[in-house]
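Just so it is clear, none of the values below were taken in a lab; they were calculated from the coordinates. Keep in mind the model is a prediction, meaning the values are calculated, not measured. We place every Cβ from the backbone using ideal geometry, glycine too, and count neighbours over all the protein chains shown.
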Amino acid sequence: MSEKSAKKAPYIVPIGPTHPALKEPVMFNFEMEGEVIKDVDFAPGQTHRGIEWMGMRRNPIQIVHLTDRICGICGVSHTFAFARAVEQIAGIEVPERGDYIRTILAEFERIQSHLLWAGVAAHELGFDSLLHLTWRVREQSMDVIENLTGNRVNYGIVQVGGVRRDIVPEQHKIIEDCLSTYEGLLSKLVTLFLEDRSIHMRCRDTGVLSKEDALGLCTVGPTARASGVNVDLRQDYPYAAYGDLDITAILPDQHMGETRGDVYDRIVVRLLEVGQSCGIIRQCLDQMPSGPVTAEAKLAKLLAICKKAQGEAIGRVEAPRGECFHYVRMDGKEAPANWKVKASSYSNLMSWIPMLRGEQIADIPIIVASIDPCLSCTDRVAVIRGRSRSVLTKEDLHRLSVEKTRRIQS
Amino acid sequence: MKPTKAFNRSLWAFHMNSGSCNGCEIEIVAAITPRYDPERFGIKLVGSPKHADLLLVTGPVVGKMKDRLVRVYEQMPDPKVVMCVGTCGISGGVFYDSYNLAGPVDQVVPVDVYVVGCPPRPEAIIHGVVTALAKLERIEGGEH
Ligand code: SF4
């Protein structure tokens with residue numbers, strides 16, 4: 001830790017890596033001047049499990065259960081991207097119905113993930129009733145996912161070659177019910193989030209990421225779209241059933257008339273995407289062809305096909321947080337010779353730096369949460385000022401954030 | 001479960017991610033939201049191990065998190081119970097052959113309650129918490 005304890009020198013605030021909520025621990029180092037963040041650096045990789053290394057010792061059919069567990073929220077996306085890479089290498093053609101079911105699941109995942117995020121964002125602002133509201137309505141999508149896949153989290157439904165379960169006509173009703181509830185609720189959520197005065201005050205012009213920075217740092221997904229970058233794999237490089245569907249990327253200026261690239265715009269994009277996902281699932285249900293859901297239901301045969309495969313391929317899908325990228329190389333053995341995963345949050349992390357510079361310490365939780373890395377990784381904060389050291393906990397940081405909301409309200 | 005004499009306060013839990021996939025975290029958070037609402041009974045997640053009676057550990061304990069897990073455990077006041085949530089913390093689960101595991105959890109800190117599942121359902125987690133509460137009461141009542 002740099003000890004620049006000369007009179008006015010900035011002091012360093014390390015945050016993390018342990019935190020009591022959600023995703024990976026990340027270690028932050030903030031350089032502060034008073035309340036203002038001068039500079040920030042961070043060290044991810046605290047929960048490195050060596051997934052790719054393990055994958056290179058297993059066969060593709062086993063790996064899909066590992067990819068489910070790269071991230072508990074993006075269970076479909078990683079498996080989907082991995083399966084697409086392997087299918088290209090092995091020349092497996094996924095039946096159309098399988099593609100549609102994958103699309104439906106991917107969109108349900110997006111719905112639950114965005115609602116989860118909205119709740120976390122509300123919590124960071126000190127708006128806990130909204131957290132509980134969004135998490136309560138989120139449970140309905142979890143029920144549908146459980147009904148379709150058998151699991152609430154880590155669905156284990158996508159397999160190389162297709163999916164492992166069909167959607168039967170009786171299930172259409174619960175999907176329909178869920179969609180119409182959400183479509184009815186959405187305008188309420190949009191009003192609650194976007195017209196609330198304190199949310200507006202805390203999020204407007206906070207954590208701004210300019211379009212240039214968004215492009216320069218290769219951000220993806222809602223984080224990039226909120227800064228006005230028109231990227232969405234579902235629109236740009238359609239895969240699965242997306243080619244048949246009508247999709248355009250959601251950008252904040254469609255709703256707000258302008259793009260500022262702040263936290264508020266990120267809320268706008270994610271909320272509107274919930275509505276978009278409902279529409280996509282509707283279209284899928286209407287257009288879904290009949291037929292098999294997987295190219296090869298017998299796992300032993302599937303494994304034999306994979307074992308013979310040689311070559312390399314990439315699989316890309318638009319996960320809730322942006323592009324999820326898998327590179328696989330197979331050389332005729334059971335296990336892949338090479339496997340590389342680039343998750344969407346990985347691409348977005350660097351955008352924290354321009355977002356956080358110049359903001360206040362109380363804005364850290366909401367800005368860090370705004371790119372949806374699934375976390376508020378702020379368990380222990382040690383403030384080092386000169387020689388003396390005081391320790392802030394995640395609660396202190398949260399309290400600072402809530403106090404700021406109160407302050408600007410009064 | 002019937003509260004005994006030793007029941008003298010609500011149960012506060014601290015959650016520690018030791019390298020999990022996030023699935024268990026989501027279910028823990030889902031378990032405290034309105035559908036299940038254990039806060040009715042005073043069971044809640046707190047932000048500091050120093051306030052907690054119960055430690056919820058998820059994940060298989062990756063190398064970097066080992067010392068931190070021990071430190072968090074040591075910071076908790078006695079009497080305390082530890083609950084391991086999720087298969088990967090119990091046995092390594094899908095990560096069993098990783099080169100970066102210091103776990104499973106019970107090799108690092110003593111575990112009182114195991115909740116299986118990958119991830120366990122919120123109901124299972126709540127059941128685990130109730131079991132942990134019973135154990136805490138037994139400890140407070142002088143038994144072990
Ligand atoms: S038990 Fe399963 S769901 Fe839970 S953290 Fe481990 S791998 Fe993820």
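Annotations for the structure displayed:
- Applying a DSSP loop filter and a limit of 14 other Cβ atoms within 10 Å to the GluC sites (Glu not before Pro) in segment A:61-129 leaves A:GLU93.
- Shielding of A:68-81 by partner chains, average beta-carbon count, 10 Å: 3
- Spacing of the modelled spin labels on B:LYS50 and A:ARG357, each 7 Å from Cα toward Cβ, amounts to 3.6 nm.
- Note on chain A: GNM, Cα springs under 10 Å; of A:ALA214, A:ALA106, A:ALA297, the largest mean-square fluctuation is that of A:ALA297.
- Summarised as an ellipsoid, the protein assembly as shown has semi-axes of 35, 29, 24 Å, derived from the eigenvalues of the Cα gyration tensor scaled by 5 and square-rooted, with the largest first.
- Relative contact order of chain B, defined on C-alpha pairs under 8 angstrom at six or more residues apart (%): 27
- Residue-span extension gain [A:ASP177 to A:LYS298] - 0.36 nm each, minus C-alpha spacing: 40.2 nm
- A simple packing score, the average count of other Cβ atoms within 10 Å per residue, orders the peptides A:27-34, B:77-84 as B:77-84, A:27-34, with the highest score first.
- Sites A:LEU285 and A:GLU403, calculated FRET efficiency, Cβ-Cβ separation with R0 51 Å, nearest 0.05: 0.65
- From least to most packed, judged by other beta carbons within 10 angstrom and beginning with the fewest, A:TRP135, B:TRP12 follow the order B:TRP12, A:TRP135.
- Peptides A:64-71, B:117-124 ordered by packing proxy, namely the average of other Cβ atoms within 10 Å per residue, highest first: A:64-71, B:117-124.
- With Cα atoms, 0 to 90° folded angle of helix A:169-194 axis to chain A main axis: 20
- Distance violations [Cα-Cα > 18 Å] among A:LYS211/A:LYS404; B:LYS44/B:LYS80; A:LYS342/B:LYS64; A:LYS404/B:LYS50: A:LYS211/A:LYS404; A:LYS342/B:LYS64; A:LYS404/B:LYS50
- FRET E, pair A:MET350, A:MET256, Förster distance 22 Å, beta-carbon r, rounded to 0.05: 0.30
- Segment A:93-124 residues near the modelled A:ASN147 label - backbone nitrogen below 17 Å, point 7 Å along Cα→Cβ: A:101, A:104-109, A:111-112
- Within 10 Å of each Cβ in A:126-135, the average number of Cβ atoms from other chains: 2
- Per the Debye calculation on segment A:51-376 with a single equal scatterer at every Cα and no solvent contribution, log₁₀ I(q)/I(0) for q = 0.14, 0.15 Å⁻¹ amounts to -1.07, -1.20.
- Computed over segment A:86-196, the P(r) tail beyond 22 angstrom holds 41 percent of alpha carbon pairs.
- In terms of other Cβ atoms within 10 Å, B:LEU45, A:LEU194 run from fewest to most in the order A:LEU194, B:LEU45.
- Highest-MSF residue in chain A out of A:ALA85, A:ALA241, A:ALA304 [GNM, Cα springs under 10 Å]: A:ALA304
- Cβ neighbours within 10 Å from other chains - mean over B:26-38: 5
- Using all pairs of distinct alpha-carbon atoms, the Kirkwood hydrodynamic radius of segment B:12-140 works out to 14.3 angstrom.
- GNM result for chain B, Cα springs below 10 Å: residue of B:ALA52, B:ALA13, B:ALA31 fluctuating most strongly: B:ALA31
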